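Beneath this line is the structure, given in structure tokens, with notes to follow.
The values are calculated or read from the model by the stated rules, or taken from the named source; none is laboratory data. None of these values were measured; they are calculated from a predicted model. Neighbour counts run over all protein chains shown; Cβ positions are idealised from the backbone, glycine included. With ligands, DNA and RNA removed, areas are computed over all heavy atoms of the protein, side chains included. Shrake-Rupley method; radii C 1.70, N 1.55, O 1.52, S 1.80 Å.
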Amino acid sequence: MLDYKSSSESPTPCNKPTKMSGKNTTNRKTLGRGICIITGASKGFGRALAHEVFHLLEPGSVLLLVARSGTLLQELKEEMQSFTDKQQLVVHCVATDLSTKEGVNETVKVARQEAVNEIDHVFLINNAGSLGDISGFESLTDLEKVNSYLSFNVSSPLALTAGILQVFPCRSGLRWSVVNVSSVFALQALPSWALYCTAKAARKMMFSVLAEEEPNVKVLSYSPGPLDTDMQEEIQRLTGLSYRLFPCQESAAKLMELLLDNNFASGTQVDFLEV
Amino acid sequence: MSSTECRDLGRALCIITGASRGFGQTIARNMSRLVKPGSVLVLVARSGDDLRALQAELAESEAGRVGLVVECVVADLGQPDGLEAVVRRSQESFSEDLDHIILVNNAASLGDVSRYVKSFTNMAEVDSYLSLNVTSSLCLTASILQAFPQCPGLRRTVINITSLCALQPFRSWVLYCTGKAAREMIFRVLAEEEPDLRVLNYSPGEERSLHSSLASQSKTADPTIRKSFSDMFAQGQLLTCEESCAKLMKVLLDDNYTSGAHIDIYDL
């Protein structure tokens, strides 16, 4: 049923950026001196993104890692510590629940506190998301269950993106990038997956409207492909299906490459399996 | 001498949300003429007075006089008791000689079209919009399908009133576009999941319709969109609810649309 393209040959090895050794890297593209916010950073794709992004941020940059688990975020911060210290990158762990307005507000507040530094790039990655009930349409009779799902997966990234846009208003000299971690199922309907498809379709549209409204904000909906995450483990357990999964790191590296090349039209969706 | 095909939608139980005015009201009137005697219309809206006026009008009409039953359910579909009231009334109104269940998910709201994405910092506001425009139609549809499961001799048709805005982003219309995109996907998934169900995503051209353009003209923030509405109005390119509804009825009667596909009045 799941229609993932799988190549019969082994995946192309990705060009992992070489670790910056402190040498002058002006001939390499970077993400500038930025504030980078990653939601759902404690595990899976979000965690892999954190590992990829810090190589590409210049000294003085700030990385905000947002998730519910303070413990996992702290572990992640420590994993990157020796490098981030050397590169003068500040890492904040924001342990909060983005399914609540308090969580969204807390994240915006921490970002605002960091706005004192001179930055040339605001980079928001809306990665946090959940699978929802995939047992079938007729199990979706409960208003609260559906409202709660849409709140976390749609309202929250909209409110967060709006909040961060207000903290860092567009101005010349400020690069603004927003990533929506999307899915092929934002475009393709999958039986039994009404909640997930609906939220992904909603997000895709929401970020497309943002792209229309803000010519100075580069918006990318990125479909990361089927990855070796807890979410996929849950999917395979619930559906009994087994199919090829890609390492998060590979897809995260591909996303970084797309952002550095900056060749995509704002608002479009790009799929890991097609680049 | 031309032969007139006598086509109808069967002896139906037809539930219409947002039936008290606008397109929903027009659908109710058109449906009443296309269902056989003994059919039931269940009209749902939050406004009791308008619903009852419509009910009275339909009772007096020809359809009413030959046996169309019209029920009103004054309900907020965003509340569990509202949803349950619709399902219950539908179940109570059902009888074994009915051969068609039709659910028309029409109720929706425009949202604030005077503001941009960056202004939606209030999560509760977005939640509330999604609750009315997305959640209620999903849960109502799931509940009705559960109440009226597939069985031989019973056709089931689910209609979602969608929009070009489900497919195309418009500046300053984030809530409306997002809600329509979400809704359309719900019904696309449903169509994939239930191949015996007829699912129609019908776009009535409301983004241009006379009804909404006048309201939108003063409310839309974006000057380009405002201008394009007033140009369309000036050039007579806008449709009335009646014109758009007539096309919807024809699509239903022809019954050869692809279940789940986006059917736009301007493509017909």
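Which is crowded, with 19+ Cβ neighbours inside 10 Å, at the interface with chain A (Cβ under 10 Å from one of its Cβ atoms) and either modelled with pLDDT under 95 or closer than 30 Å to B:S32 by Cα (or both), of B:L98, B:L145? Show your work before the answer.
Details: B:L98 fails: at the interface with chain A (Cβ under 10 Å from one of its Cβ atoms).
The unique qualifying residue is B:L145.
Testing B:I101 on (1) assigned to a strand (DSSP E or B); (2) at positive phi, one condition comes back false. Which one is that?
Going through (1) assigned to a strand (DSSP E or B); (2) at positive phi one by one, B:I101 breaks only (2).
Of everything in region A:171-200, what is more than 18 Å from A:A265 (Cβ to Cβ), at the interface with another protein chain (Cβ under 10 Å from one of its Cβ atoms) and either open to solvent by 10 Å² or more (accessible area, probe 1.4 Å) or not aliphatic (A, V, I, L, M) (or both)? Give them in sequence order.
Restricting attention to region A:171-200, the residues satisfying the condition of being more than 18 Å from A:A265 (Cβ to Cβ) are A:171-174, A:181, A:183-185, A:188-200.
After this cut, where a residue has to be at the interface with another protein chain (Cβ under 10 Å from one of its Cβ atoms) as well, the list is A:185, A:188-200.
Of everything in region A:171-200, those that are more than 18 Å from A:A265 (Cβ to Cβ), at the interface with another protein chain (Cβ under 10 Å from one of its Cβ atoms) and either open to solvent by 10 Å² or more (accessible area, probe 1.4 Å) or not aliphatic (A, V, I, L, M) (or both) turn out to be A:F185, A:Q188, A:A189, A:P191, A:S192, A:W193, A:Y196, A:C197, A:T198, A:K200.
Give all pairs with beta carbons closer than 8 Å in which a residue from region A:203-229 that is among the hydrophobic types (A, V, I, L, M, F, W, C) meets a residue that is buried (at least 24 other Cβ atoms within 10 Å of the Cβ) and assigned to a loop (DSSP other than H, G, I, E, B); count only pairs at least 6 apart in sequence or on separate chains.
If the second residue must be buried (at least 24 other Cβ atoms within 10 Å of the Cβ) and assigned to a loop (DSSP other than H, G, I, E, B), the pairs left are A:V209/B:W173.
Would you check if there is a residue in region A:233-249 being under 16 Å from the mean Cα position of the chain (by Cα), closer than 30 Å to A:R171 by Cα and away from chain B (no Cβ under 12 Å)? Talk me through it step by step, then tell me what you get.
The first filter runs over region A:233-249 and keeps only residues under 16 Å from the mean Cα position of the chain (by Cα), leaving A:247-249.
Filter once more, keeping what is closer than 30 Å to A:R171 by Cα: none.
No, region A:233-249 has no match at all.
Note down all Cβ pairs under 6 Å where the first residue falls in region B:239-268 and is on the phi > 0 side of the Ramachandran plot, the second is of a type outside the set (S, T, N, Q), and they're at least six residues apart or on different chains.
Short answer, once both residue conditions are applied: B:G260/B:R188; B:G260/B:A191; B:G260/B:V199.
Could you check region B:164-185 and list, in sequence order, the residues that are surrounded by fewer than 24 Cβ atoms within 10 Å (Cβ to Cβ), without any contact (Cβ under 8 Å) to a residue 24 or more places away in the chain and either more than 7 Å from chain A (Cβ to nearest Cβ) or within 18 Å of the chain's Cα centre (by Cα) (or both)?
B:Q168
Among what's in region A:201-232 and is farther than 27 Å from B:W173 by Cβ and outside any helix (DSSP H, G or I), pick the residue that is farthest from the other protein chains (Cβ to nearest Cβ).
Looking at the filtered set, the residue picked out is A:D228.
Picking from B:R11, B:R33, which residue would you name as being open to solvent by 30 Å² or more (accessible area, probe 1.4 Å), of a type outside the set (S, T, N, Q), in contact with a His (Cβ under 8 Å, 6 or more places away or on another chain) and over 27 Å from A:L143 (Cα atoms)?
Details: B:R33 fails: in contact with a His (Cβ under 8 Å, 6 or more places away or on another chain).
Just a single option satisfies the conditions, and that option is B:R11.
For region B:148-163, which positions are open to solvent by 50 Å² or more (accessible area, probe 1.4 Å) and within 12 Å of another protein chain (Cβ to nearest Cβ)?
Once the filter is applied, which keeps residues that are open to solvent by 50 Å² or more (accessible area, probe 1.4 Å) and within 12 Å of another protein chain (Cβ to nearest Cβ), region B:148-163 yields B:P149, B:Q150.
Name, by its number, the condition in (1) more than 30 Å from B:P80 (Cα to Cα); (2) modelled with pLDDT of 95 or more; (3) open to solvent by 10 Å² or more (accessible area, probe 1.4 Å); (4) outside any helix (DSSP H, G or I) that does not hold for A:F123.
(3)
Could you list all residues from region A:69-109 that are surrounded by 18 or more Cβ atoms within 10 Å (Cβ to Cβ), more than 18 Å from the chain's Cα centre (by Cα) and part of a strand (DSSP E or B)?
Those that are surrounded by 18 or more Cβ atoms within 10 Å (Cβ to Cβ), more than 18 Å from the chain's Cα centre (by Cα) and part of a strand (DSSP E or B): none in region A:69-109.
Inspect all residues belonging to region B:79-92 and state whether any of them is within 8 Å of chain A (Cβ to nearest Cβ), farther than 30 Å from A:T268 by Cβ and open to solvent by 20 Å² or more (accessible area, probe 1.4 Å). Explain how you work it out, then say what you get.
Taking region B:79-92 as the starting set, the residues that turn out to be within 8 Å of chain A (Cβ to nearest Cβ) are B:79-80, B:83.
Filter once more, so that each one left must be farther than 30 Å from A:T268 by Cβ: B:79-80, B:83.
Subsequent filtering for residues that are open to solvent by 20 Å² or more (accessible area, probe 1.4 Å) retains B:79-80.
Checked region B:79-92: at least one residue is within 8 Å of chain A (Cβ to nearest Cβ), farther than 30 Å from A:T268 by Cβ and open to solvent by 20 Å² or more (accessible area, probe 1.4 Å).
Report, by residue number, each residue of region B:186-208 that is more than 9 Å from chain A (Cβ to nearest Cβ) and among the acidic types (D, E).
Answer for region B:186-208, where residues must be more than 9 Å from chain A (Cβ to nearest Cβ) and among the acidic types (D, E): B:D196, B:E206, B:E207.
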